[in-house]
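Here's the structure, in structure tokens; my notes come after.
The values are calculated or read from the model by the stated rules, or taken from the named source; none is laboratory data. Source: prediction; values computed, not measured. Cβ coordinates were reconstructed from backbone atoms using ideal geometry, including for glycine residues, and neighbour counts include every protein chain displayed.
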Amino acid sequence: MDPVWAVDAVAEPPGKGELTVGPTALRIIVGARLRSLREAAVVTALDAGHTIRGSHSKISRMEAGKTRFKLRDVGDLLTFYGIGDDEERAEILAMAELANRPPWWSAYGDVIPDWFDAYLGFEQAAGLIRGYDAQFVPGLLQTAGYAEAVIRLSHENMADPEIVRRVDLRMRRQQVLFRPDPVKLWVIMDEAVLRRPVGSPEIMRAQLRHLIGVAALPHVTVQLLPFCAGGHLAAGGPVSIVRFRENLIPDVVYLEHLMTADYYDRPASVARYWDVMNRLSVLAEPPDATLTLLDEIR
Amino acid sequence: MTGHLVSSGDQPIPGIDSSVPHSARVWNYWLGGRDNYPVDRAAGDNYRAAYPRIVDVARAYRYFLARAVRYLAGDAGIRQFLDVGTGLPTVDNTHELAQRIAPQARIVYVDNDPLVLAHARALLTSTPEGVTAYLDGDMHDPASIIDAAGETLDSTKPIALILNGVLGHVADYEEARSIVHGLVGHLPPASYLALADSIHSSAAHEEAGRSYAKTGAVPYTLRTREQIAGFFDGLDLIEPGLVPIGRWRPDPSPFNAPDVDACAAIGYKP
């Protein structure tokens, strides 16, 4: 099989000193670590708040990753929790410091809607992303040509330079699949994605070749949900469930709409979508059969 | 674009039953995973309330798997594995353990649960040098497992068969024994059997199992040490023989692993 992706993926590794994970995700990671340390030390949020000259709600905000960190506060809390001069302390402080720095995609701020920024952070910090798509090949698996065609669909009058920046951003995001410790991507795609051509037949053919190449990577799984599988549960648009490498952080569900997005991290909501993805994965063609089908369609 | 997508068969669509606990998901819960339903967590909590050491037991099985596969791929030089009763993916799955030592190792995972199989196909993926395959198979039919595994494993070269905490799903001891012998009987000489299973040693453990069975889940039958020894008939036991699971070639540690109610061994087929 041609490694088409090597040609199509124009993603460059992030430059030196640039942040790959993103402040949102890092703040959540640091917050979760602080919380587990506080609980292990059997300290109330109120007492912890006093230590850093604040209230219990300041602690709650920090632990939920909803605020920038003052390094002095983080240091004082760690001391209070009995985390002395060791690796763990240094690691958490380093992460807190990184969380205050802009990520690589801040350079694309002009083409990133507010509601999408957090997802970028999650995606770049993910260990596993499970996705369902009914209409388009998911962004992480798109070719530049296909991405451009999709972007033009919703931005008819956009000037070329801005389109190019959007395509660039999407291609750079794909680096998570090609870095040394890549994200695991498990995608279920409705047959309609392949049946309705986007752009032109050439663009669609190149996209299919790319898909076949990427799906052959050990950390990428694609399952086609054929029309004949009948009705299914994923009512509405695309679904992504992000699971982080850090076991302390809950999974996040991301639902993208035309003008906004929903994020869910409450266990009951995540569980509902996790169940839907399970049922779809059982319903869809297995990965190896999917590769055969893609090859036939191509 | 041409071509038509056809479903792979006319079988009824395999389902996920989230109304009854499933062993793979309950184990996932005990091991700290997130891939379980409320009914699994409830069953897991009840089991643990009656028999608190179950979490140590569940961990002990995973640690044994790690040591066993390291031994088999390392010292014994085995390159083919048949893992029956895959379970949901966790850290250090059989193929990762084996391929860390021998990237070209070939692993066949066998399970009959659609959710386990979907996860295995998506997440238990091989190194480029090796192979992982996934078999929708039932232990009760060892001949068809061996047949299907033959598509991936070379039946003229040694194979390590792994039965890690699965035989209790077969309630009848004689049937469990004939399953093991059926599987081992088809393996070529110089193959291995790595097996761990739970033994009944306390009323609490029995009671936990009884209430678990009442949920409608497939019950798990505890055996005696002698019965587990019977699974190894005709095989030469590798040192230290059949021992409490934590004492099978433990990794060096300043602490002793807690002794849990399970034992393990690796047998060699001459």
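Can you pull out every residue in region A:239-259 that is out of contact with any Ser or Thr (no Cβ under 6 Å at 6 or more places or on another chain), at pLDDT below 90 and outside any strand (DSSP E or B)?
Start the filter on region A:239-259 by keeping residues that are out of contact with any Ser or Thr (no Cβ under 6 Å at 6 or more places or on another chain), which leaves A:239-247, A:249-253, A:255-259.
Still in the list and also at pLDDT below 90: A:244-247, A:249-250, A:257-259.
Once the filter is applied, which keeps residues that are out of contact with any Ser or Thr (no Cβ under 6 Å at 6 or more places or on another chain), at pLDDT below 90 and outside any strand (DSSP E or B), region A:239-259 yields A:Arg245, A:Glu246, A:Asn247, A:Ile249, A:Pro250, A:His257, A:Leu258, A:Met259.
Looking at (1) in a helix (DSSP H, G or I); (2) in contact with a helix residue (DSSP H, G or I) (Cβ under 7 Å, 6 or more places away or on another chain); (3) away from every other protein chain (no Cβ under 11 Å), which is the one condition that is false for A:Ser281?
With respect to (1) in a helix (DSSP H, G or I); (2) in contact with a helix residue (DSSP H, G or I) (Cβ under 7 Å, 6 or more places away or on another chain); (3) away from every other protein chain (no Cβ under 11 Å), A:Ser281 is out only on (3).
May I ask you to verify whether A:Ile83 is among the hydrophobic types (A, V, I, L, M, F, W, C) and more than 18 Å from the chain's Cα centre (by Cα)?
yes
Among the candidates A:Gly109, A:Gly84, single out the residue that is surrounded by fewer than 22 Cβ atoms within 10 Å (Cβ to Cβ) and over 20 Å from A:Arg68 (Cα atoms).
A:Gly84
I'd like the residue in region B:20-34 that is within 14 Å of chain A (Cβ to nearest Cβ), touching a residue at least 40 places away in the same chain (Cβ under 8 Å) and part of a loop (DSSP other than H, G, I, E, B) and, out of all such residues, is nearest to A:Tyr273 (Cα to Cα).
Within region B:20-34, the match that is nearest to A:Tyr273 (Cα to Cα) is B:Gly33.
Tell me, yes or no, whether region A:223-238 has at least one residue that is in a helix (DSSP H, G or I), facing another protein chain (nearest Cβ under 9 Å) and in contact with a Phe, Trp or Tyr (Cβ under 8 Å, 6 or more places away or on another chain). Lay out the reasoning, then the answer.
Taking region A:223-238 as the starting set, the residues that turn out to be in a helix (DSSP H, G or I) are A:227-229.
Checking which are facing another protein chain (nearest Cβ under 9 Å) leaves us with A:227-229.
This time we only want the ones that are in contact with a Phe, Trp or Tyr (Cβ under 8 Å, 6 or more places away or on another chain), so: none.
No: region A:223-238 contains no residue that is in a helix (DSSP H, G or I), facing another protein chain (nearest Cβ under 9 Å) and in contact with a Phe, Trp or Tyr (Cβ under 8 Å, 6 or more places away or on another chain).
Any idea which residue in region A:163-184 is surrounded by the most Cβ atoms within 10 Å (Cβ to Cβ), counting only those that are within 14 Å of chain B (Cβ to nearest Cβ) and under 13 Å from the mean Cα position of the chain (by Cα)?
If we take residues in region A:163-184 being within 14 Å of chain B (Cβ to nearest Cβ) and under 13 Å from the mean Cα position of the chain (by Cα), then A:Val183 is surrounded by the most Cβ atoms within 10 Å (Cβ to Cβ).
Is it the case that region A:123-138 has a residue that's in the same structural domain as A:Thr221 (by TED's automatic domain parsing), out of contact with any strand residue (DSSP E or B) (no Cβ under 7 Å at 6 or more places or on another chain) and assigned to a helix (DSSP H, G or I)?
yes
Among (1) crowded, with 23+ Cβ neighbours inside 10 Å; (2) touching a helix residue (DSSP H, G or I) at 6+ places or on another chain (Cβ under 8 Å); (3) not acidic (Asp, Glu), there is one condition B:Val166 misses while meeting the rest; what is its number?
Of the numbered conditions (1) crowded, with 23+ Cβ neighbours inside 10 Å; (2) touching a helix residue (DSSP H, G or I) at 6+ places or on another chain (Cβ under 8 Å); (3) not acidic (Asp, Glu), the odd one out for B:Val166 is (2).
A quick yes/no check of all residues on (1) buried (at least 17 other Cβ atoms within 10 Å of the Cβ); (2) within 30 Å of B:Pro103 (Cβ to Cβ):
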| residue | (1), (2) |
| --- | --- |
| B:Asp35 | yes, yes |
| B:Pro38 | no, no |
| B:Ala42 | no, no |
| B:Pro52 | no, no |
| B:Val55 | yes, no |
| B:Tyr71 | yes, yes |
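Would you say B:Thr90 is among the polar types (S, T, N, Q) and either more than 14 Å from chain A (Cβ to nearest Cβ) or over 29 Å from B:Pro244 (Cα atoms) (or both)?
no
Can you tell me which residues in region B:170-208 are under 23 Å from B:Asp147 (Cβ atoms) and in a strand (DSSP E or B)?
Matches in region B:170-208: B:Tyr192, B:Leu193, B:Ala194, B:Leu195.
For region B:110-140, which positions are more than 8 Å from chain A (Cβ to nearest Cβ) and in contact with a Ser or Thr (Cβ under 7 Å, 6 or more places away or on another chain)?
Within region B:110-140, B:Val110, B:Asp111, B:Val116, B:Ala120, B:Leu124, B:Val131, B:Thr132, B:Ala133, B:Gly137 qualify.
How many of the residues in region B:245-270 are crowded, with 19+ Cβ neighbours inside 10 Å and not in a loop (DSSP other than H, G, I, E, B)?
Total meeting the criteria: 8.
Show the residue pairs that are 6+ apart or on different chains and have beta-carbon atoms under 8 Å apart, the first residue being within region A:124-140 and farther than 14 Å from A:Thr221 by Cα, the second being of a type in the set (Asp, Glu).
A:Ala134/A:Asp190; A:Gln135/A:Asp190
For residues that are aliphatic (A, V, I, L, M), within 19 Å of B:Ala122 (Cβ to Cβ) and in a helix (DSSP H, G or I), scanning just region A:284-298, find the one that is farthest from the other protein chains (Cβ to nearest Cβ).
A:Leu291
Which one of B:Val91, B:Val39, B:Val26 is at pLDDT below 95 and aliphatic (A, V, I, L, M)? Can you show your working first?
On the way: B:Val39 fails: at pLDDT below 95; B:Val26 fails: at pLDDT below 95.
Residue meeting the stated conditions: B:Val91.
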